[in-house]
Amino acid sequence: MQIHPLVAIVSLLALLLYFYMSLRVGQGRSKYGVAAPAVTGHPDFERDYRIQMNTLEWLPIFLVSLWLFAISWGSDLVAAGIGVVWLIGRVLYLTGYSRAAEARGPGFGIQALAAGVLLFGALGRIVWLMVQHGA
Amino acid sequence: MQIHPLVAIVSLLALLLYFYMSLRVGQGRSKYGVAAPAVTGHPDFERDYRIQMNTLEWLPIFLVSLWLFAISWGSDLVAAGIGVVWLIGRVLYLTGYSRAAEARGPGFGIQALAAGVLLFGALGRIVWLMVQHGA
Amino acid sequence: MQIHPLVAIVSLLALLLYFYMSLRVGQGRSKYGVAAPAVTGHPDFERDYRIQMNTLEWLPIFLVSLWLFAISWGSDLVAAGIGVVWLIGRVLYLTGYSRAAEARGPGFGIQALAAGVLLFGALGRIVWLMVQHGA
């Protein structure tokens with residue numbers, strides 16, 4: 001990991017945060033009386049479940065864009081910095097959504113913005129490099 | 001990204017298509033009156049949600065197989081070409097399924113075929129290389 | 001794939017096992033009379049669906065941690081060996097959960113342990129390397 005250690009650490013922290021969200025769903029099964037395999041039955045459980053699922057839904061976008069951004073720009077620090085913004089957005093999403101469905105907006109917006117910068121930043125850079133090199 | 005720029009671009013386009021599917025679900029919440037955290041309540045919304053979820057379900061298969069195919073065969077163009085077939089299948093899946101559940105078959109079949117070629121193509125190639133090198 | 005062929009093969013086998021779980025859900029639709037886009041309606045179908053979904057939920061943790069473990073420790077064999085333990089846990093999870101929701105515990109525990117070793121093993125190693133190199 002000489003190449004992108006900070007991006008690797010941010011990736012693993014994102015997976016740890018996501019794992020914590022999954023834990024909350026598992027604990028919610030007994031707490032709210034929602035036995036497996038059901039994933040509905042109590043509004044608090046359903047919000048906890050959606051927190052995990054929505055984060056899962058965004059993980060491929062985030063992780064792939066993060067690494068392609070880091071590799072295409074050749075910058076570990078900048079990519080990891082944007083990744084930390086994504087992490088902060090996801091923590092706010094978790095704390096907001098677990099309070100009320102309406103309070104999930106700000107955190108969601110922050111993580112969407114960070115993911116968008118990574119995705120379009122990588123896409124633009126790679127296309128630019130190909131045009132330049134005439135590949 | 002000197003190594004596999006086309007595969008990187010196809011990966012990011014797949015994530016963009018998937019992001020568009022997620023957007024449709026978000027918009028569907030107000031359009032069909034399905035408030036978060038519910039994911040059921042209106043057949044059109046449920047089909048839109050399944051379009052996104054099924055694509056999420058296949059993204060790990062597609063992305064990992066795509067890259068391992070490109071790396072193991074040492075070919076950016078061929079891997080990216082099969083990846084484009086997957087993308088076309090996913091677009092047909094989206095347009096078909098959003099019309100009617102019964103119309104999701106052809107697009108699904110195309111993307112499954114493309115993903116299968118990538119997965120078994122990569123697996124066969126890597127095993128072959130190991131046998132040859134006596135690793 | 002001169003670098004981590006065994007980890008690549010374990011990754012593709014994990015995707016094949018996951019694909020088999022998806023197939024069971026697809027077949028369950030006709031077997032249990034649960035027409036798309038519904039994902040509820042019969043307890044056997046719902047367990048099959050959760051087997052697939054829970055495996056999807058863990059795939060990002062497993063795959064990213066597996067590769068970062070292999071790269072950071074520079075060891076294909078050890079990473080792949082722990083990956084095989086994860087695979088065994090997932091097979092037990094499948095056979096247990098498809099019998100009864102209560103029987104999903106042992107397989108789940110084994111795969112969670114293997115994923116945890118990969119995740120914390122990679123995280124610890126990368127932080128250690130950064131501290132050592134004063135990066």
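The values are calculated or read from the model by the stated rules, or taken from the named source; none is laboratory data. Quick caveat: nothing in here was measured; it's all calculated off a predicted structure. Note: ideal-geometry Cβ built from the backbone for every residue, glycine included; neighbour counts use all protein chains shown. SASA here: full protein model, heavy atoms, side chains in, ligands and nucleic acids out. Shrake-Rupley method; radii C 1.70, N 1.55, O 1.52, S 1.80 Å.
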Fill in the blank from the handout: With all protein chains present, the protein assembly as shown has a carbon and sulfur share of its accessible area (1.4 Å probe) in percent of 70 percent
Exercise for the section: Would you be so kind as to list the residues of region B:11-30 that have their accessible area lowered by at least 40 Å² in the full protein complex compared with their chain by itself (1.4 Å probe)? Expected result: B:12, B:15, B:16, B:18, B:19
Practice task
List the residues of region A:107-133 that lose 50 Å² or more of accessible area once all protein chains are present, compared with their chain alone (1.4 Å probe, heavy atoms only, no ligands or nucleic acids).
Solution key: A:119, A:123, A:126, A:130
Handout entry: Principal-axis tilt of helix B:43-73 within chain B, Cα atoms, nearest 10 degrees
Key = 10 degrees
Exercise for the section: Return, ordered by residue number, the residues of region B:1-29 whose backbone nitrogen is under 18 Å from a label point located 7 Å along Cα→Cβ of residue A:133. Expected result: B:1-12
Fill in the blank from the handout: With every protein chain in place, the accessible area of residue A:32 for a 1.4 Å probe, in Å² rounded to the nearest 10, comes to 50 Å²
Handout entry: Label 7 Å beyond Cα on the Cβ vector: residue C:40 copy-to-copy distances, nm
Key = 0.4, 0.4
Exercise for the section: Note every residue of region B:35-61 with a reduction of at least 40 square angstrom in accessible area, all protein chains present versus the isolated chain, computed with a 1.4 Å probe, or write none. Expected result: B:36, B:37, B:50, B:53, B:56, B:57, B:60, B:61
Exercise for the section: May I ask for the accessible area buried between chains A and C, both sides summed, probe 1.4 Å, to the nearest 100 Å²? Expected result: 2000 Å²
Problem - For residue C:84, inter-copy label distances in nm, listed shortest first [label point 7 Å out on the Cα-Cβ vector] - result: 4.1, 4.1
Exercise for the section: Run the numbers on region A:48-135 and let me know its relative contact order in percent, using alpha-carbon pairs under 8 Å that are six or more apart. Expected result: 33 percent
Practice task
Calculate how steeply helix A:105-133 sits against the longest principal axis of the alpha-carbon atoms of chain A, using the helix alpha-carbon long axis, and give the answer as 0 to 90 degrees to the nearest 10.
Solution key: 20 degrees
Fill in the blank from the handout: Inter-copy distances for residue C:106, nm, shortest first, label points 7 Å along Cα→Cβ, are 4.9, 4.9
